[in-house]
Amino acid sequence: RMKIDKEVEGNPAKLEIRRGEKRINEKLFAAVRKMPFPLYNREFVARLIWARKSEKTIEVAVMSVVEPVDYGGGMGKLVKSQTKAILRATDIKAVIGVPQCKIELRQFVDAGGHIPVKLVNQRIP
């Protein structure tokens, strides 16, 4: 997915940050999303924590965090952005022998700074 993120979608960076976390159900990710000229690219740094809620349901919580990230230079000016999300995946009845699941995503995104409404409407379905 990270290769697709860079080569197909043109986003400059997407990293999993490993700093010796002790919890196996927790990950820290950083991503830089490309924005059209004249806007600056947006930086998202988020912690993801997953938990099994029942025999058939898992949930992933996403929360922005303040963590310094070294992208190795060449990123230019980045605008800090924030997100909060809950993703729930629930197993449901198989169809013709193919396993199925129901996905629910509730997400809030603050892209930071000023983004014209016309651009937001083009990019968000």
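The values are calculated or read from the model by the stated rules, or taken from the named source; none is laboratory data. As the structure is a prediction and not an experimental result, all values here were calculated from the model. Backbone-built Cβ (ideal geometry, glycine too); neighbour counts: all protein chains shown. Calculation scope for accessible area: heavy atoms of the full protein, side chains included, ligands and nucleic acids excluded. Shrake-Rupley method; radii C 1.70, N 1.55, O 1.52, S 1.80 Å.
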Please list, ordered by chain and number, the residues whose modelled amide H lies under 5 Å from the amide H of Y71; skip anything fewer than 5 residues away on the same chain. none
Just need the relative contact order of the chain here, percent rounded to a whole number, with Cα pairs under 8 Å and 6+ apart. 17 percent
Give K22/K80; K22/K93; K22/K77; K14/K118 a once-over and call out the pairs whose C-alpha atoms are over 31 Å from each other. K22/K93; K22/K77
Which longest uninterrupted range of the chain lacks any GluC sites (Glu not before Pro) assigned by DSSP to a loop state (not H, G, I, E or B) and surrounded by at most 13 other Cβ atoms within 10 Å? 56-125
About its Cα centre, the stretch 17-125 carries a charge dipole, from +1 on Lys and Arg Cβ atoms and -1 on Asp and Glu Cβ atoms, whose size in debye to the nearest 20 is 100 debye
Could you compute the longest span of the chain free of chymotrypsin sites (Phe, Trp or Tyr not before Pro) located in DSSP loops and having at most 16 other Cβ atoms within 10 Å, not counting the site residues? 72-125
Would you kindly derive the ³J(HN,Hα) couplings of the stretch 61-74 from the backbone phi angles with the Karplus curve 6.51 cos²θ - 1.76 cosθ + 1.60 (θ = phi - 60°), listing them in order in whole Hz, with x for Gly and Pro? 9, 10, 9, 5, 9, 9, 9, x, 10, 9, 8, x, x, x
Of all the accessible heavy-atom surface of the chain, with the other protein chains kept in place and a 1.4 Å probe, what percent is carbon and sulfur? 58 percent
Round to the nearest 0.05 the FRET efficiency obtained for E55 and K34 when R0 = 35 Å and r is the Cβ-Cβ distance. 0.30
Ignoring everything except DSSP H segments at least 4 long, calculate the 222 nm mean residue ellipticity for the chain; use -39,500 (n - 2.57) per segment, divide by total residues, nearest 500. -2500 deg cm²/dmol
